[in-house]
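Notes follow once the structure below has been shown.
The values are calculated or read from the model by the stated rules, or taken from the named source; none is laboratory data. What you see is a predicted model; the values in this text were computed from it and never measured. Cβ: placed from backbone, ideal geometry, glycine included. Neighbour counts: every protein chain shown.
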Amino acid sequence: MPVVIIEERPDTADASQLIGELDALLEPLYAQKSRHGYSVEKLLREGVAFFVARLDGVPAACGGVLLVDAGNDDRAYGEIKRMYVRPPFRGLGLGKLILQHLANYSRQRGVNLLRLETGIHQVEAINLYQRFGFERIPPFGSYHPDPVSLCFEKRLA
């Protein structure tokens, strides 16, 4: 079963559907003030590089990376955005493939640090991030302390 990961605008039908499914998953778990996922419009406006993974042509997963302070090497990082794997495709390694793709994309642009924010109820995602080498950090950027929010980072160099 070949997996193909392609950069895609987040406002395409497949990307928007994946983002909508992620929003539907998170909405009952977190209050609005604790949901930090970018809308499709904000992903576009902020220039997030967004990718869709297809398994045998079927959209199965997605994720993006926002390059922050990319012109300043000592402060530059890539922030992982809107990571999601559809339930029927979980356990196949697609989350790891997306993370590797985002790390490679960032590294090719001179960014050697990845960061992300996720919620405490995303146990499988947290386990994936930790297996991939992410470590807990205090809130970064515009994030503030929140009892249902966790922040992580990983050096790529």
For the range 118-148, how many residues meet the condition of being part of a strand (DSSP E or B) and either over 16 Å from the mean Cα position of the chain (by Cα) or over 17 Å from Tyr84 (Cα atoms) (or both)?
-> 3
crowded, with 18+ Cβ neighbours inside 10 Å and either touching a residue at least 24 places away in the same chain (Cβ under 8 Å) or assigned to a helix (DSSP H, G or I) (or both), is that true of Arg115?
-> yes
Based on what the data block shows, is Glu46 among the acidic types (Asp, Glu), surrounded by fewer than 19 Cβ atoms within 10 Å (Cβ to Cβ) and without any contact (Cβ under 8 Å) to a residue 60 or more places away in the chain?
-> yes
Filter the range 84-108 down to the residues that are in contact with a Leu (Cβ under 6 Å, 6 or more places away or on another chain) and not in a helix (DSSP H, G or I), then identify the one that is nearest to Pro10 (Cα to Cα).
-> Tyr84
Check whether at least one residue in the range 7-18 is part of a strand (DSSP E or B) and either in contact with a strand residue (DSSP E or B) (Cβ under 9 Å, 6 or more places away or on another chain) or of a type in the set (S, T, N, Q) (or both), and report yes or no.
-> yes
If a residue has to be closer than 16 Å to Phe152 by Cα and of a type in the set (Phe, Trp, Tyr) to count, how many in the range 85-137 make the cut?
-> 3
Of (1) surrounded by fewer than 22 Cβ atoms within 10 Å (Cβ to Cβ); (2) modelled with pLDDT of 95 or more; (3) more than 22 Å from Tyr30 (Cβ to Cβ), Ala76 fails just (2)
Being part of a helix (DSSP H, G or I) and in contact with a Ser or Thr (Cβ under 6 Å, 6 or more places away or on another chain), is that true of even one residue in the range 75-83?
-> no
Does the range 39-51 contain at least one residue that is closer than 16 Å to Leu97 by Cα and in contact with a Lys or Arg (Cβ under 6 Å, 6 or more places away or on another chain)?
-> no
Filter result for Phe152 (touching a Ser or Thr at 6+ places or on another chain (Cβ under 9 Å) and either part of a strand (DSSP E or B) or surrounded by 15 or more Cβ atoms within 10 Å (Cβ to Cβ) (or both)) = yes
Could you say whether any residue in the range 56-71 is surrounded by 16 or more Cβ atoms within 10 Å (Cβ to Cβ), among the β-branched types (Val, Ile, Thr), in contact with a strand residue (DSSP E or B) (Cβ under 9 Å, 6 or more places away or on another chain) and farther than 17 Å from Lys154 by Cβ?
-> no
